[in-house]
Amino acid sequence: MIRRNTIRFSNRIVAFVLAFALVFGMSFSSATPVNATVKGTGSVNANKLNVRSEASTSSSIVVTIPKGTAVTIKGDVTDSSGDEWYSVSLTYDSKSYSGYVMAKYITVSSTEAEATTKEAATTKAAATTKAKATTKAQATTKAAATTEVPTLTSYANIKSKAKIYKTADTKGTVVASVSKGVVVKASVPLLATDSSWYKVTTVGLKTNYTGYIKKSKLTFQAVTCDSTTYKLGITSQKSGLYKTANTTDERIGYIAKSKDVIVLGTLTVGGVSWAKVNTSLGEGYMLTKRYKITTATTTDKLSYEATVDKNSYARKIASLIADNMGTAAKGASVTVLAKFTVNSVKWYKVTFKLDDKDVTGYIRAKYVTLSGDVTFEQNLKLFPESYQEALKELHKAHPTWVFTPVETGLKWSDVIANESKSGRNTIQSTVPKGGTVTTYNAPFSYLSTQSGDYDWSTDTYKVKDGTNWYGADSKVIAYYMDPRNFLNDKSIFQFESLSYESTHTEAVTKTMLANTFMKGNYSVTDVLTKKKVTGSYLDAFMSAAKLSNVSPYYLVSRVKNEVGNNGSNSTSGTYGNYKGYYNFFNIGANDSAAGKAVDNGLKYAKSGTTYERPWTTPYKSIVGGAKYVSSQYISLGQNTMYTQKFNVVVKASLYLHQYMTAVTASNSYSLSQYNAYNNNKLLDEAFTFAIPVYKDMPAKACALPKVAGNPNCYLKTLKVLSTTNKAFNLNQTFKYTTTDYSLTVSNSVKKVNVSATSISTRATVTGTGSQSLEVGDNVVTVICTAGNGDVKKYNITITRLKE
């Protein structure tokens with residue numbers, strides 16, 4: 001009898017649950033709702049792990065288990081913060097436990113295909129046993145008040161002041177009285193006699209309460225919303241996607257970090273903010289704290305003509321999951337209205353015609369080709385404003401030239417400080433040895449006076465190279481390093497890309513070879529194979545360029561600089577003991593006390609096996625030499641003469657591994673290259689220039705120091721003498737860097753003579769000679785004026801005693 005009643009009662013319960021689900025659009029779970037999507041076994045991967053009574057860090061600890069403990073996973077659940085938990089059972093210290101653990105601390109070793117549970121049967125058996133302990137009527141009433149089956153948790157607001165009861169009975173104990181508007185977590189109750197009661201837990205109160213309340217006192221919060229917006233969000237962490245705005249509802253899946261989501265609307269459930277979103281998994285609901293809104297539209301009004309390279313969707317906003325507004329076919333003409341980057345993807349806002357209708361949308365930039373002028377305008381904006389006017393003038397004069405910024409990431413002041421270290425930059429001058437200032441004789445003001453470059457005590461500039469190369473002043477270094485000083489026709493070529501570019505042509509290379517010994521073909525006998533080898537120099541240089549990734553223009557220029565237009569013994573193949581060997585780039589041709597530079601270079605060409613050696617034909621020498629040139633600088637990233645002179649691009653060797661020390665070298669090269677191109681009428685060909693950009697550069701281009709004389713304004717000697725030329729002792733031994741002295745003389749000394757000489761012969765000294773003394777303190781000032789006008793004052797306080 002009891003069994004039949006129980007069965008009929010269960011059927012009524014199921015009917016009620018289904019009806020509630022239809023009304024609220026919810027699915028079912030346990031009191032701590034558990035999904036059966038994950039079942040199997042696993043082990044603890046944390047050093048210690050708390051097993052809790054509920055899926056919450058605020059719930060009580062059942063047991064603490066160590067790393068490696070095996071657990072059986074019964075299911076998974078996501079809490080209100082989006083954290084995943086496992087419902088587990090385990091044995092520890094010969095005792096059995098069950099509870100909840102955070103999923104991230106469990107390494108799953110196996111899973112089951114199906115999830116089953118006996119919780120409903122256990123609940124039913126417990127209720128039946130309890131019913132036997134009382135009368136039939138009492139058992140029925142008790143069951144109505146306390147018996148529950150799996151439920152779905154939602155949120156509701158208190159309509160008006162209400163009481164929360166310990167049981168579903170208005171005659172029972174009152175747990176708390178709550179005011180209108182209080183938020184509660186409410187579970188669907190499945191009760192024996194009265195479905196108008198809900199089990200609730202208050203939310204956000206200083207002390208929260210759990211108990212039962214009448215349905216009439218609750219207004220359930222919506223867990224879905226309409227689509228009212230269309231914005232792009234980027235997930236800030238791995239995020240759960242749910243069927244409704246409820247972590248106990250069906251979880252559709254997870255969206256990884258840094259992925260696009262289209263936000264369609266927002267709502268608040270239980271004080272927690274949710275969003276209706278469209279994702280790569282479809283539409284669903286996500287916690288708003290899991291993503292950040294980013295700009296995916298723009299109102300910029302550019303007007304660049306362009307062509308689409310492949311069939312491309314024009315998206316509603318700049319996202320790969322956004323709605324398609326229309327498809328731009330391959331080859332279609334579009335107008336680019338704006339460009340920007342979203343979540344590391346470059347986009348163009350475009351407009352185009354489709355079936356005689358205007359379509360506006362966002363297409364990935366990599367599928368769109370802009371016209372030449374547009375490319376220049378794009379690149380121009382990548383440069384600091386202080387570069388742009390000069391680049392505009394160059395573009396007007398040479399539309400085929402391409403300018404690209406090289407973002408060094410280096411702070412300007414740090415660059416100059418490092419390049420100013422002694423020995424890294426030199427400048428030519430004979431002025432320290434009595435020469436006069438000319439184009440190739442730098443003035444004193446261009447020379448460094450830092451330690452290691454100059455000795456102030458002797459007015460000696462230290463030669464750094466050859467006989468007349470001295471350390472360059474930091475202001476001079478700043479001038480030659482500031483790219484803005486060289487954005488003109490003649491100086492721009494120090495930024496010419498020395499890497500092989502698709503714009504490099506045989507026609508230009510042939511023109512550069514025209515007035516040299518390499519204008520035609522070569523025909524030689526390989527000294528090792530004894531075979532005749534013929535070929536064209538043009539083919540050799542073009543092959544060398546492609547194989548070494550070096551500009552053929554640079555390779556030709558370098559050979560011409562090394563061996564001249566007519567060639568030399570290094571390229572003749574007939575020199576001395578090295579007949580049949582060639583060295584077009586003079587690699588290894590180091591001079592020595594005995595000369596022998598050519599011998600040393602051809603010795604290198606003959607020995608070794610790297611870089612196509614031995615170089616027994618012009619082709620091998622040109623190709624092998626090009627590979628050597630590439631390996632030393634260009635393939636490392638120093639692919640302009642500027643960066644070969646000033647290494648600001650190879651992070652592992654910044655300010656080192658520099659091809660030359662002459663501070664003017666890269667500009668001198670540029671002038672030479674300009675003349676070569678100009679003489680061959682090649683300035684209108686396509687060239688690519690890679691121009692460095694630094695952080696915190698001065699607002700204006702750095703200027704050279706004013707031409708000035710010797711800077712030494714120090715005294716070499718300073719003496720006070722009596723009228724009989726007897727020297728008085730100063731209070732301290734004279735040092736050229738000390739400028740204040742004193743001495744005391746007797747009352748009988750009425751006059752003294754002050755004498756001084758300067759360290760530099762180019763300085764002048766005033767304030768010396770006979771000095772009359774009054775009784776008391778007499779201050780004598782000797783002034784040393786340097787050749788550049790700098791002044792140093794030396795004061796001597798002479799105290800004449802009273803009688």
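The values are calculated or read from the model by the stated rules, or taken from the named source; none is laboratory data. Since this is a predicted model, take the numbers as computed values, not measurements. Reconstructed Cβ throughout: ideal geometry from the backbone, glycine too, with neighbour counts over all protein chains shown. Quick note on the areas: whole protein, heavy atoms, side chains included, nothing else; ligands and nucleic acids left out. Shrake-Rupley method; radii C 1.70, N 1.55, O 1.52, S 1.80 Å.
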request  = State the extension gain, in nm to one decimal, for the chain segment bounded by K104 and T449, taking 0.36 nm per residue of separation less the distance between their alpha-carbons.
outcome  = 117.8 nm
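Mind ranking Y794, Y611, Y100 by accessible surface for me, highest first, 1.4 Å probe?
Details: Y794 0, Y611 70, Y100 30 Å².
Greatest to least solvent exposure: Y611, Y100, Y794.
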ask   = How far apart, in nm, are two points set 7 Å out from the Cα along the Cα-to-Cβ line at T534 and at L320?
value = 5.6
key: Stretchable slack from D414 to S280, in nm (0.36 nm times residue separation minus alpha-carbon distance)   = 43.6 nm
inquiry  = Over the Cα atoms, compute the radius of gyration (one decimal) and Dmax (the largest Cα-Cα distance, rounded to a whole number) for segment 315-388, in Å.
reply    = 13.7, 46
request  = Could you name the aspartates and glutamates whose alpha carbon sits less than 15 Å from that of K259, not counting residues in the same chain fewer than 8 places away?
outcome  = E283
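Mind checking the per residue accessible area of segment 217-271 for me, 1.4 Å probe, whole number of Å²?
On the way: 2360 Å² over 55 residues.
Roughly 43 Å² per residue, with all protein chains present.
Can you bin segment 502-660 into rounded, prolate or oblate? Criterion: square roots of the alpha carbon gyration tensor eigenvalues sorted a ≥ b ≥ c, rounded for a/c under 1.5, prolate for a/b above b/c, oblate for the rest. Intermediate results must be reported in sequence, preceding the final value.
Working: a/c = 1.82, a/b = 1.28, b/c = 1.42.
In terms of gyration-tensor shape, oblate.
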note = Measuring from its Cα centre, segment 230-348 shows a charge dipole (+1 at each Lys and Arg Cβ, -1 at each Asp and Glu Cβ) which, in debye to the nearest 20, is 300
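So, with +1 on the Cβ of K and R and -1 on the Cβ of D and E, and no other charges, what is the size of the charge dipole of the chain about its Cα centre, to the nearest 20 debye?
Values: 95 positive and 56 negative charges, 654 e Å.
For the chain, the charge dipole is close to 3140 debye.
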ask   = Label-point separation (nm) for T173 and Y230, each offset 7 Å from Cα along Cα-to-Cβ?
value = 5.8
task = Please list, in chain and number order, the residues 5+ apart from V63 or on another chain whose amide H is under 5 Å from its amide H, with Hs placed from the backbone.
result = V51
remark   = If each part is reduced to its alpha-carbon centroid, segment 721-793 and segment 501-520 end up apart, in Å, by 71
task = About the Cα centre of segment 526-596, how large is the charge dipole given +1 on each Lys and Arg Cβ and -1 on each Asp and Glu Cβ? Please answer in debye to the nearest 20.
result = 220
query = With each pseudo-label sitting 7 Å past Cα toward Cβ, what's the Q388-T404 distance in nm, one decimal?
reply = 2.2
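What is the calculated FRET efficiency for D696 to N379, with r their C-beta to C-beta distance and R₀ = 22 Å, to the nearest 0.05?
Numbers: r = 22 Å, r/R0 = 1.00.
Computed FRET efficiency for D696 and N379 comes out at 0.50.
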query = Which Cα, out of A162, N788, G361, lies furthest along the positive dipole direction of the chain (beta carbon charges, K/R +1, D/E -1)?
reply = A162
key: Per-selection metrics, segment 705-803 (Cα): Rg and Dmax in Å   = 14.7, 56
key: Entries in K421/K695; K292/K339; K74/K199; K206/K276 that, when Cα-Cα distance is taken, lie over 29 Å   = K206/K276
ask   = Leaving out same-chain residues fewer than 8 places away, which lysines sit with a Cα under 20 Å from that of K490?
value = K392, K396, K560, K645, K681
key: Anchor K519: aspartates and glutamates whose Cα lies under 16 Å away (excluding residues fewer than 8 positions away in-chain)   = E506, D539
request  = Report the FRET efficiency, 1/(1 + (r/R0)^6), for N731 and T460, where r is their Cβ-Cβ distance and R0 is 30 Å, rounded to 0.05.
outcome  = 0.50
remark   = Projecting the Cα atoms of T799, S755, T733 onto the charge dipole of segment 684-803, where Lys and Arg contribute +1 and Asp and Glu -1 at Cβ, the residue farthest towards the positive end is T799
note = Carbon/sulfur accessible area of segment 389-493, % of total, 1.4 Å probe, equals 50
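Write down the percent of antiparallel bridges among all DSSP beta bridges whose residues are both part of the chain, to the nearest 5.
Values: 148 of 162 bridges.
Antiparallel: roughly 90 percent of the beta bridges in the chain.
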ask   = Taking a probe of 1.4 angstrom, what is the accessible area of I427 in Å², to the nearest 10?
value = 10
remark   = Surpassing 23 Å at the alpha-carbon level, of the pairs K310/K546; K48/K243; K346/K381; K257/K651; K185/K257; K726/K750, are K310/K546; K48/K243; K257/K651; K185/K257
note = Computed over the chain, the relative contact order (Cα-Cα under 8 Å, seq sep at least six) in percent reads 7
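Pulled fully out, how much extra length does the chain show between N680 and Y440, if you take 0.36 nm times their separation in residues and subtract their Cα-Cα distance? Before the final figure, lay out each step's value.
On the way: separation 240, 0.36 × 240 = 86.40 nm, distance 2.73 nm.
The N680-Y440 span can extend by a further 83.7 nm.
Mind ranking 249-257, 485-493 by how tightly packed they are, going by the mean number of other C-beta atoms within 10 angstrom, highest first?
Working: 249-257: 16.3, 485-493: 19.2.
Per-residue mean Cβ counts within 10 Å order the peptides as 485-493, 249-257.
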